[in-house]
Structures are given as structure tokens and as C-alpha cells.
Amino acid sequence: MAPAVAHTELFSYLVTRHTGRAVRSSIERELSRFDGAVLAVLDMRHVPVIDFSCADEVVAKLLVHGSEDAPGPRRFFLFRGIAEHHLEPIECALTRQGLAAAGESVDGHPLLIGRIERGVEAAWKEIWELGLVAAGPLAMRLEVSQHAVGGLLDELDARRLVIRDGDRYLSFGRALEDARRSGGG
Amino acid sequence: MSRVIDVPATLDETGFETLVRTAGIGELEDGAARLLLDARQVTWVSPYGLIGLLAIGQAARQRTGLAPLIEPPDDPEVRSYIDRMDFWTAAADIFEMDAPSARRHGEVDKLLEVTSIRSHEDVHRVVEHVKDRAQRILINRLQYPRPSVIHFSVMLSEVCQNILEHADSIGWVCAQRYHWKRRLGKDVVVLAVMDVGVGFEGSLGAEHARRYGESWSAAAALEAAFLNGESRFRDPGRGQGLQAIRRQVIKWNGAVRIRSGDAMIARVPDWDDTPELQSDLPWFPGAQVLIVLPEYAGDAG
């Protein structure tokens with residue numbers, strides 16, 4: 001079942017922990033209105049500066065609060081419009097806590113930010129390209145065993161970097177397309 | 001009755017140490033005489049020295065309960081510089097003095113005039129305000145690449161937030177470009193940030209002092225924060241700010257010094273000879289940060 005989609009555009013200078021907390025609270029309030037799974041798309045194209053404290057409050061803490069261990073419906077996050085100057089603070093905030101986030105650069109390239117194994121990242125990119133895929137075909141594409149791909153998919157699923165739908169795995173990009181087509185995103 | 005303290009003629013980081021030692025801030029207590037900072041003989045002042053006057057005034061005020069007095073420099077150039085850096089607006093909150101001077105005309109290569117930091121709104125104002133000047137000075141004068149303006153803004157934000165997050169006190173920031181003829185023969189940007197709050201030892205003590213036992217000190221606290229990214233919070237997301245500043249300063253082959261309590265820790269570039277750690281300085285409350293960024297010569301490391 002594809003998740004609902006919630007878009008948030010972030011503006012202006014994302015500096016100070018105080019501002020970060022306020023931004024995160026407002027996003028979490030918005031997301032709490034959804035009963036089921038939701039894909040939150042946070043657009044950072046209009047953020048000229050993000051500092052390390054704000055990256056921790058907005059990006060890392062959103063992921064922690066929306067993680068597998070957190071109560072409530074599943075939440076997925078996609079950070080769009082990531083420019084070069086956003087990368088270091090976000091990467092640092094995530095790496096410090098062993099987290100990873102799905103992103104899209106300003107020119108639309110998918111990227112994983114934070115701490116991630118190379119194999120897991122390769123699987124994620126493949127899923128992004130294919131849109132929707134089951135373990136078998138993915139194992140063939142990656143040229144790894146079914147067992148190995150199962151491990152990669154379990155990790156992507158646990159870290160909420162793909163959307164599991166039965167025995168298939170949906171990329172955030174495809175989820176957005178589907179939502180657009182059905183008028184929900 | 002006031003106790004007169006002569007402000008050194010050259011008021012930079014060395015002059016600040018002399019002043020702290022002479023004023024004996026650590027020994028001041030309630031009922032002590034009012035301090036009069038006599039700056040008449042000052043002939044040169046850096047951003048660090050300038051906000052150092054505010055920090056010493058505020059520390060004296062906190063410890064004696066009396067607003068200190070200040071005699072402005074006689075030198076017309078220094079007076080004019082201090083006016084243009086808007087020193088007197090912040091000083092009026094600390095010293096007993098007449099209404100602050102309104103003269104702020106003329107341009108110095110200031111990146112940021114003396115600005116008080118009391119809240120996160122102040123940090124926002126500073127970061128947004130500095131953008132155009134940082135662009136002009138870092139890119140046009142010091143040949144930094146364009147993204148450096150953003151990195152500088154982030155550095156500024158993190159170092160100012162340190163006041164709000166750890167000091168529980170008012171602080172000040174000031175930055176300027178000038179030519180370091182004698183020390184480096186190059187243009188530099190100097191950024192100074194100070195507060196007179198609880199300091200690193202006090203801030204990190206509750207969380208870390210027990211682990212260190214008797215070796216806990218201002219120097220140990222500075223090492224924990226500056227080198228290991230430890231903070232007073234258990235939250236693993238904390239403690240990144242100083243680490244980020246250190247990494248960025250290293251990339252730009254700059255210098256950073258943090259003084260707190262009786263200790264100072266530094267990232268020392270090849271052009272500087274400051275000791276990396278000192279622990280025998282005269283005690284002074286809060287934290288005092290000095291960042292020096294030399295002309296750009298490529299990213300290191």
C-alpha cells in the first residue's frame with residue numbers, strides 16, 4: 001500500500017537549535033494528522049544556509065522520531081533540493097548517530113546521505129531506478145545471492161529508506177509519481 | 001572609590017590576558033571597589049580586545065555588584081574605530097557612562113560590529129546581516145571561493161550559539177578584516193566571540209567530571225569539547241558545532257583559540273606559535289573564542 005505524501009517547503013536560514021526545533025515540531029504536527037503511512041517530502045531548495053545544530057534538529061531528529069522503534073504509523077522522509085552546502089551539516093548530523101536519509105540533489109539526482117554500507121547504497125540506487133522491484137529481480141540486477149539481497153532489503157526497510165509493499169519494494173521516487181498520478185501528491 | 005586598572009596600549013589577545021591578570025577578576029567579590037578601566041593610553045585594539053573590555057566589565061559587574069567605569073582612549077583614530085564598531089551601544093549595558101556615542105560614520109573593513117548575543121534571534125540577525133559583507137571581504141579581499149561565505153555563516157552561527165547553549169549568559173561577537181603585516185604579512189579576518197557565563201568546565205562538569213575524577217579541570221573540559229566533541233548533553237547529536245568550526249578552520253589553515261577558566265586550547269597553524277594547550281592562565285569566567293582566517297591558499301586536508 002503506497003503511503004500518503006506530505007510536502008513541506010523549507011525557507012530561509014536554518015540556523016540555531018531553537019529554529020530547528022520549531023521547524024521539526026511544525027513538520028511533526030503536520031505528519032501527526034495522517035493515520036497511515038506517510039512519505040514526507042522536505043524541499044530545501046530555498047534554504048541558503050543550514051548549520052550543524054539545525055541539521056541535527058531538523059534532519060537527524062526527524063529520522064529518529066520517525067524510526068522503526070518509534071510508535072505510530074510508518075513515516076518516510078525524502079529531502080529534496082539538496083545543494084552542495086547542505087551536504088556537510090546534514091551528513092555530519094546523520095553520521096554521528098549512525099543514520100541515513102534519502103535525498104535528491106538540486107538537479108534531481110537521488111542520493112543517500114549519512115552512514116550507509118556500500119552494498120545497501122547500491123541496492124537503494126537500483127530500487128530508485130527500477131521504481132518497484134521484488135527481491136529476486138533485484139538480486140539478479142545486483143549480481144548477488146537471494147540471501148544477500150534479502151539482508152540488504154531488510155536493512156533498507158528497517159531504516160525506512162524504501163517502502164515495503166508485500167514482497168516488493170517501492171522507491172520514494174515511484175511513490176511520488178504514483179501519488180501525483182492519483183492526485184494525492 | 002574606584003580601583004583604576006590601566007588597559008594595555010595594544011589591546012589584542014595578549015593585552016586581554018594582561019588586563020585579566022591586572023584586574024584580578026577571580027579575586028573580586030561583593031563589596032570590592034568599583035573598577036575603572038582606564039583605556040586612555042590604548043593605541044591599537046583588535047576585535048578580541050574590544051569585546052574583551054566588555055567581558056571584563058561584565059565579569060567585574062557580576063562579581064562586585066557595581067557597574068564599572070571606563071575611560072575611552074585618547075587616540076582619535078582608536079576612538080573613531082571604536083565608535084564605528086558600535087562598541088558603546090553594548091558598553092552602555094555594562095559600564096556606568098553617559099549615553100552612547102551616535103557617531104558611526106565612515107567605513108572600516110568590519111565584517112561585523114560589536115553585537116550582543118542574548119537570544120537565538122540575535123544569532124539569526126548576525127548570520128543574515130553578515131552575508132553581503134562576508135561576500136565582499138572573504139571573496140574580494142581574501143580570495144576565498146564563493147561557498148566560503150556559507151561556511152563562514154555556519155561557523156558564525158555555531159560559535160554564537162555556544163553562548164546561548166552553554167554559557168547561560170550574555171555574550172558578544174565582533175569580526176573585522178585587517179592586514180597582519182608583522183605576524184603574517186597578509187590580510188586576515190579576525191572573529192572574536194566572548195561570554196562570561198559558566199565556562200566549559202562548569203557546562204560539561206555535571207556530565208563528565210565524575211569520569212575524569214581529580215583530573216577534571218578547565219583544560220580537560222576544553223579538550224573534551226574541542227577535540228572529542230563532547231557536550232553537556234547526553235544527546236548524541238550535540239557537540240558538533242565546535243568540531244565543525246575546528247574542521248573548517250583547519251581547511252582554511254586558520255587559527256582558533258578557546259579560552260575558558262584558567263585554560264586555553266588552540267588549533268595552531270604553521271604560521272602561529274601559540275601553545276596548543278595552556279592551563280596556567282589567570283582565571284576568567286565563561287569562554288573567549290578567537291578565530292583568525294588568513295588569505296585563501298586552497299583547502300587543506
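Please identify the pairs in which a residue from segment A:101-120 that is at pLDDT 95 or above has its Cβ atom under 6 Å from the Cβ atom of a residue that is assigned to a strand (DSSP E or B) and β-branched (V, I, T), counting only partners at least 6 apart or on another chain.
Matching pairs, first to second residue: A:A101/A:I113; A:G103/A:I82; A:G103/A:I113; A:S105/A:I82.
Considering only residues of segment B:235-274 that are touching a strand residue (DSSP E or B) at 6+ places or on another chain (Cβ under 6 Å) and part of a helix (DSSP H, G or I), which is farthest from B:E207 (Cα to Cα)?
B:V249
Could you check, for segment B:229-240, whether at least one of its residues is away from chain A (no Cβ under 14 Å) and farther than 27 Å from B:A90 by Cα?
The first filter runs over segment B:229-240 and keeps only residues away from chain A (no Cβ under 14 Å), leaving none.
Checked segment B:229-240: no residue is away from chain A (no Cβ under 14 Å) and farther than 27 Å from B:A90 by Cα.
Condition first: at pLDDT 95 or above and either within 28 Å of A:A179 (Cα to Cα) or in contact with a Gly (Cβ under 8 Å, 6 or more places away or on another chain) (or both). Can you find one or more residues in segment A:65-74 that meet it? I'd like the intermediate steps shown before the answer.
Pass one, segment A:65-74, residues at pLDDT 95 or above: none.
There is no residue in segment A:65-74 that is at pLDDT 95 or above and either within 28 Å of A:A179 (Cα to Cα) or in contact with a Gly (Cβ under 8 Å, 6 or more places away or on another chain) (or both).
Hey, could you check segment A:8-46 for residues that are farther than 22 Å from A:L176 by Cα and in a loop (DSSP other than H, G, I, E, B) and say which is farthest from the other protein chains (Cβ to nearest Cβ)?
Here the residue is A:S12.
Tell me, yes or no, whether segment B:198-218 has at least one residue that is in contact with a Gly (Cβ under 9 Å, 6 or more places away or on another chain), surrounded by fewer than 18 Cβ atoms within 10 Å (Cβ to Cβ) and within 14 Å of another protein chain (Cβ to nearest Cβ).
Scanning segment B:198-218, I find no residue that is in contact with a Gly (Cβ under 9 Å, 6 or more places away or on another chain), surrounded by fewer than 18 Cβ atoms within 10 Å (Cβ to Cβ) and within 14 Å of another protein chain (Cβ to nearest Cβ), so the answer is no.
Given the conditions (1) within 25 Å of B:P275 (Cα to Cα); (2) under 19 Å from the mean Cα position of the chain (by Cα); (3) among the charged types (D, E, K, R), which single one is not true for B:D168?
Only one criterion is unmet by B:D168, namely (1).
Write out, first by first residue and then by second, each pair whose Cβ atoms fall under 6 Å of each other, whose residues are 6+ apart or on separate chains, and whose first residue, in segment B:117-129, is at the interface with another protein chain (Cβ under 10 Å from one of its Cβ atoms) and farther than 10 Å from B:L156 by Cβ while the second is of a type in the set (V, I, T) and not in a helix (DSSP H, G or I).
Close Cβ pairs satisfying both conditions: B:H120/A:T16.
Looking only at segment B:185-217, which residues are of a type in the set (A, V, I, L, M) and more than 23 Å from the chain's Cα centre (by Cα)? So that I can check it myself, show each step before the final result.
In the first step, residues of segment B:185-217 are kept if they are of a type in the set (A, V, I, L, M); the result is B:188-194, B:196, B:198, B:204, B:206, B:209.
Residues satisfying the conditions are B:A206, B:A209.
In the set B:Q288, B:Q240, which member is in the same structural domain as B:G205 (by TED's automatic domain parsing), polar (S, T, N, Q) and closer than 30 Å to A:L94 by Cβ? Break it down into steps so the answer makes sense when it comes.
On the way: B:Q288 fails: closer than 30 Å to A:L94 by Cβ.
The match here is B:Q240.
Does segment B:167-176 include one or more residues that are of a type in the set (D, E) and either crowded, with 22+ Cβ neighbours inside 10 Å or within 14 Å of another protein chain (Cβ to nearest Cβ) (or both)? Show your work before the answer.
Taking segment B:167-176 first, the residues of a type in the set (D, E) are B:168.
Narrowing further to those that are either crowded, with 22+ Cβ neighbours inside 10 Å or within 14 Å of another protein chain (Cβ to nearest Cβ) (or both): none.
No, the conditions are met nowhere in segment B:167-176.
Could you tell me how many of the residues in segment B:256-277 are touching a residue at least 24 places away in the same chain (Cβ under 8 Å) and within 11 Å of B:L222 (Cβ to Cβ)?
Of the residues in that region, 10 qualify.
Does A:G166 fit the bill of being modelled with pLDDT under 95 and of a type outside the set (V, I, T)?
Details: modelled with pLDDT under 95: yes; of a type outside the set (V, I, T): yes.
It is true that A:G166 is modelled with pLDDT under 95 and of a type outside the set (V, I, T).
For segment B:14-33, which residues satisfy the criterion of being touching a Pro at 6+ places or on another chain (Cβ under 6 Å) and either basic (K, R) or free of Cβ contacts under 8 Å to residues at least 40 places away in the same chain (or both)? Spell out how you get there, then give the answer.
Going through segment B:14-33, the residues touching a Pro at 6+ places or on another chain (Cβ under 6 Å) turn out to be B:15, B:18, B:20-21.
Once the filter is applied, which keeps residues that are touching a Pro at 6+ places or on another chain (Cβ under 6 Å) and either basic (K, R) or free of Cβ contacts under 8 Å to residues at least 40 places away in the same chain (or both), segment B:14-33 yields B:G15, B:T18, B:R21.
Only one of these conditions is not met by B:L112: (1) surrounded by fewer than 16 Cβ atoms within 10 Å (Cβ to Cβ); (2) assigned by TED's automatic domain parsing to the domain that holds B:Q135. Which number is it?
(1)
Go through segment B:158-181 and give me each residue that's part of a loop (DSSP other than H, G, I, E, B) and touching a residue at least 40 places away in the same chain (Cβ under 8 Å). First the steps, then the outcome.
Of all residues in segment B:158-181, those part of a loop (DSSP other than H, G, I, E, B) come to B:168-170, B:181.
Listed by number, the residues that qualify are B:S169, B:I170.
For B:A9, state whether it is in contact (Cβ under 8 Å) with a residue 24 or more places away in the chain and within 21 Å of B:I265 (Cβ to Cβ). Show your work before the answer.
Values: in contact (Cβ under 8 Å) with a residue 24 or more places away in the chain: yes; within 21 Å of B:I265 (Cβ to Cβ): no.
No.
Filter segment B:140-166 down to the residues that are of a type in the set (D, E, K, R) and over 16 Å from B:Q243 (Cβ atoms), then identify the one that is farthest from the other protein chains (Cβ to nearest Cβ). Even if it seems obvious, please write down each step before you answer.
Restricting attention to segment B:140-166, the residues satisfying the condition of being of a type in the set (D, E, K, R) are B:141, B:146, B:158, B:165.
In the following step, the residues that additionally are over 16 Å from B:Q243 (Cβ atoms) were identified as B:141, B:146.
Working: B:R141: 21, B:R146: 10 Å.
Looking at the filtered set, the residue picked out is B:R141.
Taking the condition in contact (Cβ under 8 Å) with a residue 12 or more places away in the chain, buried (at least 23 other Cβ atoms within 10 Å of the Cβ) and either more than 14 Å from chain A (Cβ to nearest Cβ) or not in a loop (DSSP other than H, G, I, E, B) (or both), does B:L184 pass?
On the way: in contact (Cβ under 8 Å) with a residue 12 or more places away in the chain: yes; buried (at least 23 other Cβ atoms within 10 Å of the Cβ): no; either more than 14 Å from chain A (Cβ to nearest Cβ) or not in a loop (DSSP other than H, G, I, E, B) (or both): yes.
It is false that B:L184 is in contact (Cβ under 8 Å) with a residue 12 or more places away in the chain, buried (at least 23 other Cβ atoms within 10 Å of the Cβ) and either more than 14 Å from chain A (Cβ to nearest Cβ) or not in a loop (DSSP other than H, G, I, E, B) (or both).
Which residues, counting only those in segment B:241-266, are aliphatic (A, V, I, L, M) and either under 17 Å from A:H85 (Cβ atoms) or facing chain A (nearest Cβ under 10 Å) (or both)? Break it down stepwise before answering.
Here is the first cut: in segment B:241-266, the ones aliphatic (A, V, I, L, M) are B:242, B:244-245, B:249-250, B:255-256, B:258, B:263-266.
Scanning segment B:241-266 gives B:L242, B:A244, B:I245.
Give me a count of the residues in segment B:20-37 that are within 17 Å of B:E96 (Cα to Cα) and touching a strand residue (DSSP E or B) at 6+ places or on another chain (Cβ under 7 Å).
5
The values are calculated or read from the model by the stated rules, or taken from the named source; none is laboratory data. What you are looking at is a predicted structure, and each value in this text was computed from that prediction instead of being measured. Glycine gets a Cβ as well: all are built from the backbone with ideal geometry, and neighbour counts include every protein chain shown.
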